1. Of everything in the stretch 14-57 that's polar (S, T, N, Q) and open to solvent by 70 Å² or more (accessible area, probe 1.4 Å), which residue is modelled with the highest pLDDT?
2. What number of residues within the stretch 1-13 satisfy the criterion of being out of contact with any Ser or Thr (no Cβ under 8 Å at 6 or more places or on another chain), surrounded by 11 or more Cβ atoms within 10 Å (Cβ to Cβ) and of a type outside the set (Ser, Thr, Tyr)?
3. Scan the stretch 81-93 residue by residue and report those that are open to solvent by 20 Å² or more (accessible area, probe 1.4 Å) and under 17 Å from VAL37 (Cβ atoms).
4. If I go through the stretch 5-31 residue by residue, how many of them are assigned to a helix (DSSP H, G or I) and of a type in the set (Gly, Ala, Ser)?
5. If you go through the stretch 65-76 one residue at a time, how many are farther than 14 Å from ASP36 by Cβ and surrounded by fewer than 17 Cβ atoms within 10 Å (Cβ to Cβ)?
6. What's the number of the condition THR62 fails, among (1) surrounded by 15 or more Cβ atoms within 10 Å (Cβ to Cβ); (2) over 22 Å from GLY35 (Cβ atoms)?
Amino acid sequence: EKPPIEESVMYGSTTTIIQLHDIPTEECIIKSRFGDVMEIDYIAKRLAPPVTVYDASIFRGTGQPFKFVLGSGVMIPGVDQGLYNMCPGEVRLLKVPPKLAVGLLDPPAKAPLEWRVELVSIDGVIRKDSNYELTREERGMAE
């Protein structure tokens, strides 16, 4: 028997973020923000019975993480909402309510989604092993 879907996830208006792997503050000088080019590995599930994986970065056939601009509208709103202030190497579980689980042209969703997301890099150069010394300004990155 499957556990019930939490009411906040089924009927809520914000994405629930669960930290699966956090990065210590001293190892995370730069966090994701609007306009960053992000590379992520992810697995996306639809939570309505039967629970199914409907998308994943490995399904794309490139062998590379999925690359997109944060806040550009490429991601569904609930996933986009859950990717701000992340550090490379951080892993989050995003529980997306149905009202945030679709794009503008999609039919209304009836089930919440669950995305497991690992941030691989920001702007292609900021990775887990290189995010403990220089700020955006010191790297010459745009404000």
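The values are calculated or read from the model by the stated rules, or taken from the named source; none is laboratory data. Values in this document were obtained by computation on a predicted structure and should not be read as measured data. Backbone-built Cβ (ideal geometry, glycine too); neighbour counts: all protein chains shown. Areas reflect the complete protein model, heavy atoms only, side chains present, ligands, DNA and RNA absent. Shrake-Rupley method; radii C 1.70, N 1.55, O 1.52, S 1.80 Å.
1. The residue in question is GLN19.
2. Qualifying residue count for the region: 3.
3. Within the stretch 81-93, TYR84, ASN85 qualify.
4. Selection size over the stretch 5-31: 1.
5. 1
6. Evaluating THR62 over (1) surrounded by 15 or more Cβ atoms within 10 Å (Cβ to Cβ); (2) over 22 Å from GLY35 (Cβ atoms) leaves (1) as the failure.
Yes or no, residue by residue, for (1) among the hydrophobic types (A, V, I, L, M, F, W, C); (2) free of Cβ contacts under 8 Å to residues at least 24 places away in the same chain; (3) closer than 30 Å to GLU7 by Cβ:
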| site | (1), (2), (3) |
| --- | --- |
| GLY71 | no, no, yes |
| ILE76 | yes, no, yes |
| LEU83 | yes, no, yes |
| LEU113 | yes, no, yes |
| VAL125 | yes, yes, no |
| GLU133 | no, no, no |
| ARG136 | no, no, no |
| GLY140 | no, yes, no |
